[in-house]
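Shown next, in structure tokens, is the structure this report addresses.
The values are calculated or read from the model by the stated rules, or taken from the named source; none is laboratory data. Just so it is clear, the structure is predicted and the values come from calculations on it, not from any experiment. FYI the Cβ positions are ideal-geometry reconstructions off the backbone, even for glycines, and counts take in every protein chain you see.
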Amino acid sequence: MTAGDSYYGRPVVKAPVWKPAIALYFFTGGVAGASSVLGFAASITGHRRLARSAFVASAAGLAASGPLLVVDLGRPSRFLNMLRVAKPTSPMSVGSWVLTAFGPASMLAAASVVTGRLPRMGRLAAGVAAALGPVVATYTAVLVADTAIPAWHGAHRELPFLFAGSAAASASGIALACTPVTEAGPARRLAVLGAGLELGAFRAMESRLGEVGGPYRDGRAGRLARAAEVCTGAGAALAVLGGRRRRSAAVAAGALLCAGSLCTRFSVFRAGFESAADPAATVGPQRRRADASVRSA
């Protein structure tokens with residue numbers, strides 16, 4: 001039996017049961033979480049138009065996330081069932097409770113900045129949303145890494161950074177497209193930071209995974225990963241080179257950054273299915289670890 005063999009060539013681990021709506025949820029949740037941080041930072045530095053764009057984007061991302069979760073869960077009551085207990089060791093439980101607190105705060109912050117009413121309560125809500133935003137943007141990375149699927153579990157170190165960078169890139173992209181260029185300076189800087197973190201984390205993940213990272217290089221997931229790299233890099237470059245002067249360039253940069261972030265989320269999503277279907281991705285590394293343990297004994 002070779003290192004990649006399994007019982008009659010069948011997969012060793014079960015494929016994920018998630019629908020594609022979850023990959024979209026990865027994206028919209030990232031937008032919601034990162035936009036709340038950007039909006040809060042913009043509000044305390046006096047960039048009011050940028051703060052408005054970011055808070056509205058956060059609320060819109062959150063509003064889209066709810067139906068996407070329901071599509072996967074089947075009915076809303078299943079989300080409520082997850083709130084019956086609080087389990088700090090479960091990424092799903094932590095994410096459910098964080099979303100429950102983040103949702104009202106994000107919506108109230110957006111309503112306040114749009115209407116101008118309840119400014120004190122709006123500022124408090126904005127602070128709460130900004131504090132919870134990084135968790136909202138990245139808890140899904142911990143969720144997928146906390147599985148037996150090699151391409152996900154093996155990337156547990158890099159996935160949170162990858163999702164954080166992707167969320168920052170998409171949030172800044174939406175802000176660039178919706179904010180006058182004279183007000184969008186912090187969004188441009190976040191675009192460069194987010195794109196750099198996203199691309200760097202992906203390269204580090206590929207390098208450390210080795211052969212287990214095959215799905216990120218080949219097949220549908222690999223094609224999505226390459227598209228993400230091109231779109232994210234081009235979007236960040238365009239934001240810096242043309243986005244500070246021309247609104248059309250800023251809008252194009254924002255569209256590219258969002259497209260890159262979306263491709264990244266779908267690449268990770270598809271890689272999980274392709275990795276689960278490949279027995280060698282599970283059996284090979286396990287056998288090599290066992291052989292190394294025997295040799296060192």
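Please determine, by comparing only the residues of segment 27-55 that are assigned to a helix (DSSP H, G or I) and surrounded by fewer than 21 Cβ atoms within 10 Å (Cβ to Cβ), which one is nearest to the chain's Cα centre (by Cα). First the steps, then the outcome.
Taking segment 27-55 as the starting set, the residues that turn out to be assigned to a helix (DSSP H, G or I) are 27-44, 48-55.
Checking the rest, the ones that are also surrounded by fewer than 21 Cβ atoms within 10 Å (Cβ to Cβ) come to 41, 44, 48-49, 52.
Working: A41: 20, I44: 25, R48: 26, R49: 25, R52: 22 Å.
Applying the filter and picking the extreme gives A41.
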Notebook entry, point to check: Based on what the data block shows, is G61 more than 14 Å from S172 (Cβ to Cβ) and either assigned to a helix (DSSP H, G or I) or free of Cβ contacts under 8 Å to residues at least 12 places away in the same chain (or both)?
Noted result: no
Check: Applying the selection to segment 14-26, what residues are buried (at least 18 other Cβ atoms within 10 Å of the Cβ) and farther than 16 Å from P134 by Cβ?
Finding: I22, A23, L24, Y25
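Evaluate the following for A101: is it assigned to a helix (DSSP H, G or I), modelled with pLDDT of 75 or more and in contact with a Phe, Trp or Tyr (Cβ under 9 Å, 6 or more places away or on another chain)? Reasoning before the result, please.
Details: assigned to a helix (DSSP H, G or I): yes; modelled with pLDDT of 75 or more: yes; in contact with a Phe, Trp or Tyr (Cβ under 9 Å, 6 or more places away or on another chain): no.
No; evaluated as a whole, the condition is false for this residue.
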Next item on the list: Scan (1) touching a residue at least 40 places away in the same chain (Cβ under 8 Å); (2) assigned to a helix (DSSP H, G or I); (3) over 23 Å from T28 (Cβ atoms); (4) of a type outside the set (D, E) for the single condition A237 breaks and write down its number.
Entry: (1)
Check: Any residue at all in segment 153-172 that is modelled with pLDDT of 95 or more and more than 16 Å from the chain's Cα centre (by Cα)?
Finding: no
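Can you give me the number of residues within segment 240-262 that are assigned to a helix (DSSP H, G or I) and crowded, with 22+ Cβ neighbours inside 10 Å? So that I can check it myself, show each step before the final result.
Kept after step one, since they are assigned to a helix (DSSP H, G or I), are these residues of segment 240-262: 240-241, 247-262.
Still in the running and crowded, with 22+ Cβ neighbours inside 10 Å: 250, 253-254, 256-258, 260-262.
Of the residues in that region, 9 qualify.
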Check: How many residues does segment 128-171 hold that are in contact with a Gly (Cβ under 7 Å, 6 or more places away or on another chain) and of a type in the set (G, A, S)?
Finding: 9
Check: Are any of the residues in segment 76-87 farther than 13 Å from V37 by Cα, touching a residue at least 24 places away in the same chain (Cβ under 8 Å) and in a helix (DSSP H, G or I)?
Finding: no
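Here is a yes/no grid of residues against (1) at pLDDT 90 or above; (2) of a type outside the set (V, I, T); (3) under 30 Å from T179 (Cα atoms); (4) part of a helix (DSSP H, G or I):
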site: R203; (1), (2), (3), (4): yes, yes, no, yes
site: E211; (1), (2), (3), (4): no, yes, no, yes
site: R226; (1), (2), (3), (4): yes, yes, yes, yes
site: T232; (1), (2), (3), (4): yes, no, yes, yes
